[in-house]
Amino acid sequence: MYKCFLRPVLFLFDPEKVHRFAFKTLKFSLTVPLLRNLIKNYAVVKNPVLEKELFGIRFSNPVGIAAGFDKNAEIYNELGDLGFGFVEIGTVTPIGQPGNPKPRLFRLPADKALINRMGFNNKGLKAAVENLKKRKTKTNIIIGGNLGKNTATPNDKAVEDYVTLFKGLFDYVDYFTVNVSCPNISDLRELQDQDSLTEILNRLQEINKKKPGPKPILLKLSPDLNNKQLDEVIEIIKNTGIDGVVAVNTTITRDNLKTPAEKIKKTGKGGLSGKPLKDRSTEVIEYLSEKSGKAFPIIGVGGIFSPEDALEKLNAGADLIQVFTGFVYEGPFIARKINKRLMKEIKR
């Protein structure tokens, strides 16, 4: 129904406006008790075989929503009702910022892809915390906090932004993801340099280890890293003692797209996500898993549209998976579809 009727209508309108419309519709729909129960009973797949314990956290199922979908921690409860086992909120910055000029989100239907140059648009740390205080205690949705620096913060001061966010969100999220790989913030990816990244992660670990209950810290990786750089990532994880990685972020490449080159050129800069990222994401997951000897957990993201795509990531070495563009193209019950298939495969 979604792909045949609703999606064609939604795709007639501006992607960012549709995203806001979907937010409001989801929040409103799930305030109606009868409708909420119907949706939840259909969407949520509960079975012990789907449960996964990773870095000390028990996930009800391995399918999550990637950062960028719920930037300000506004609908994580509702996403839990749609069957997702975890939601990564953000990217959050210390101070709210408008992001890059519009238009900044584009669909490539021929490729089942999106290009975005949002620029960490969000309402800031304070707003995220206020929304996280509304977390329903009866739900077992796991929440990750995706951390990014403000655009105006120079790289030599970036560590302070990450420290501020880590301290501010610590009591409200279950794990953290350090984002230095987004291609839509000027100079951000320079922080992937081994020395800069090690400084940030060590500072966060210093704070983390002083807490009575330290929380997992993960690193979100760019798909555009070469094997030498991935080897450096493995070394950084070993030296800093962080808990794992999220592989991968969006890519700046535009290789082998079906969309006409003229349209791609007109769209301009931004990070590409969706089906074109699927193979590269799997390659990175497999490389890190094999080269490290499965030394750390991996959350796989990139081009997951179907149960088969999810299984590919898990078989390559991912422990959990996240969707984003797949939600846009496949609809709100994508977690149900994947979890139903995973349940059958695991039982088999």
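Do the conditions hold for GLY68, that is, is it at positive phi, crowded, with 18+ Cβ neighbours inside 10 Å and touching a residue at least 12 places away in the same chain (Cβ under 8 Å)?
Values: at positive phi: yes; crowded, with 18+ Cβ neighbours inside 10 Å: yes; touching a residue at least 12 places away in the same chain (Cβ under 8 Å): yes.
Judged against the criteria, GLY68 is a match.
Specify which of the listed residues (LEU165, LEU191) is modelled with pLDDT under 95, surrounded by 16 or more Cβ atoms within 10 Å (Cβ to Cβ) and assigned to a helix (DSSP H, G or I).
Working: LEU165 fails: modelled with pLDDT under 95.
It is LEU191.
Among the residues in region 194-211, are any at pLDDT 95 or above, of a type in the set (Lys, Arg), assigned to a loop (DSSP other than H, G, I, E, B) and closer than 15 Å to ASP243 by Cα?
No: zero hits.
From the list LEU30, LEU114, LEU82, pick out the single residue that is in contact with a helix residue (DSSP H, G or I) (Cβ under 6 Å, 6 or more places away or on another chain) and either acidic (Asp, Glu) or modelled with pLDDT under 95 (or both). Walk me through it before giving the result.
Numbers: LEU114 fails: either acidic (Asp, Glu) or modelled with pLDDT under 95 (or both); LEU82 fails: either acidic (Asp, Glu) or modelled with pLDDT under 95 (or both).
Within the list LEU30, LEU114, LEU82, the selection yields LEU30.
If you go through region 250-268 one residue at a time, how many are hydroxyl-bearing (Ser, Thr, Tyr) and either surrounded by fewer than 17 Cβ atoms within 10 Å (Cβ to Cβ) or in contact with an Asp or Glu (Cβ under 8 Å, 6 or more places away or on another chain) (or both)?
Taking region 250-268 first, the residues hydroxyl-bearing (Ser, Thr, Tyr) are 250-251, 253, 259, 267.
Still in the running and either surrounded by fewer than 17 Cβ atoms within 10 Å (Cβ to Cβ) or in contact with an Asp or Glu (Cβ under 8 Å, 6 or more places away or on another chain) (or both): 251, 253, 259.
So the answer is 3.
Can you tell me which residues in region 20-40 are surrounded by fewer than 14 Cβ atoms within 10 Å (Cβ to Cβ) and under 25 Å from the mean Cα position of the chain (by Cα)? Break it down stepwise before answering.
Start the filter on region 20-40 by keeping residues that are surrounded by fewer than 14 Cβ atoms within 10 Å (Cβ to Cβ), which leaves 20-21, 24-25, 27-28, 31-35, 37-38.
Matches in region 20-40: ARG20, PHE21, LYS24, THR25, LYS27, PHE28.
Hey, any hits in region 33-41 for a residue that's β-branched (Val, Ile, Thr) and in contact (Cβ under 8 Å) with a residue 12 or more places away in the chain? Write out each step before concluding.
Restricting attention to region 33-41, the residues satisfying the condition of being β-branched (Val, Ile, Thr) are 39.
Narrowing further to those that are in contact (Cβ under 8 Å) with a residue 12 or more places away in the chain: 39.
Yes - at least one qualifying residue is present in region 33-41.
Mind checking which residues of region 77-105 are over 30 Å from LYS46 (Cα atoms), polar (S, T, N, Q) and surrounded by fewer than 24 Cβ atoms within 10 Å (Cβ to Cβ)?
Applying the first criterion (over 30 Å from LYS46 (Cα atoms)) to region 77-105 yields 92-105.
Now drop any that are not polar (S, T, N, Q), which leaves 93, 97, 100.
Residues satisfying the conditions are GLN97, ASN100.
Within region 312-331, take every residue that is farther than 20 Å from GLY144 by Cα and in contact with a Phe, Trp or Tyr (Cβ under 8 Å, 6 or more places away or on another chain) and give me the one that is surrounded by the fewest Cβ atoms within 10 Å (Cβ to Cβ).
Looking at residues that are farther than 20 Å from GLY144 by Cα and in contact with a Phe, Trp or Tyr (Cβ under 8 Å, 6 or more places away or on another chain), I get GLY331.
Considering region 225-243 alone, what residues qualify as being of a type in the set (Val, Ile, Thr) and either out of contact with any strand residue (DSSP E or B) (no Cβ under 6 Å at 6 or more places or on another chain) or assigned to a helix (DSSP H, G or I) (or both)?
The first filter runs over region 225-243 and keeps only residues of a type in the set (Val, Ile, Thr), leaving 233-234, 236-237, 240, 242.
Listed by number, the residues that qualify are VAL233, ILE234, ILE236, ILE237, THR240.
Quick one: which residue in ILE252, ILE237, ILE217 is at pLDDT 95 or above, over 21 Å from ALA316 (Cβ atoms) and touching a Phe, Trp or Tyr at 6+ places or on another chain (Cβ under 8 Å)? Working first, answer last.
Values: ILE252 fails: touching a Phe, Trp or Tyr at 6+ places or on another chain (Cβ under 8 Å); ILE237 fails: over 21 Å from ALA316 (Cβ atoms).
Selected residue: ILE217, the only one of ILE252, ILE237, ILE217 that is at pLDDT 95 or above, over 21 Å from ALA316 (Cβ atoms) and touching a Phe, Trp or Tyr at 6+ places or on another chain (Cβ under 8 Å).
The values are calculated or read from the model by the stated rules, or taken from the named source; none is laboratory data. Treat the numbers as computed from the prediction; the structure is a model and nothing was measured. Here Cβ is always computed from backbone atoms with ideal geometry, including for glycine, and neighbour counts include all displayed protein chains.
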